[in-house]
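Here is the structure we will look at.
Any read-out appearing in this document is the output of simple, stated calculations on the displayed coordinates, not a laboratory observation. Bear in mind the structure is a predicted one, so any value in this text is a computation, not a measurement. Please note: Cβ atoms are built from the backbone with ideal geometry, for glycine as well, and neighbour counts cover all protein chains shown.
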Amino acid sequence: MFFMGVFGIAVKEEARPLVTVFEACPEPRLVRRCKFFHFFFVPLYRWDFEYFLQCRGAALLKLKKAAGERVWKSPREGIATRDVEEEQGMTTCPVCGRGLEADYSYCPGCGKKI
């Protein structure tokens with residue numbers, strides 16, 4: 001009997017619009033990024049959750065984990081300045097809006113040159 005499996009580790013990014021307004025961020029979206037293990041493209045285990053506040057045309061702001069989890073569960077919750085850790089040197093892709101590290105030359109989401 002021969003068995004061939006497809007498995008691996010990947011990074012997943014999900015985004016939600018926020019109902020509340022954050023004073024330093026026009027049109028905020030909450031972004032959740034995590035790593036996951038998949039088998040036959042079915043996610044089995046997720047870990048290393050990070051939460052970001054994505055502003056229109058601005059850098060991503062990293063949120064503290066507790067604040068990010070709270071707002072992810074209830075998007076009507078407010079975000080205070082104390083919930084933001086720091087600017088991470090990340091920007092967003094002008095084409096698809098995906099979060100990018102500062103040293104990226106190409107967007108991993110759409111493949112466009114930055």
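Quickly estimate the mean residue ellipticity at 222 nm for the chain, helices only: each DSSP H run with n ≥ 4 gives -39500 (n - 2.57), and the total goes over all residues, rounded to 500.
On the way: 1 runs with 9 residues, N = 114.
Computed ellipticity for the chain at 222 nm equals -2000 deg cm²/dmol.
Using DSSP to define loop residues, name the GluC sites (Glu not before Pro) in segment 34-114 whose beta-carbon has at most 11 other beta-carbon atoms within 10 Å. Present the calculation step by step, with values, prior to reporting the outcome.
Numbers: sites: Glu50, Glu69, Glu77, Glu85, Glu86, Glu87, Glu101; in loops: Glu77, Glu101.
Here the GluC sites (Glu not before Pro) that fit, given the DSSP loop and packing criteria, are Glu101.
Within 10 Å, at most 11 other Cβ atoms, and a DSSP state outside H, G, I, E, B define an exposed site. Report the longest part of the chain free of exposed trypsin sites (Lys or Arg not before Pro).
Details: sites that count: Arg56, Arg76, Lys112.
Here the longest segment lacking exposed loop sites spans 1-55.
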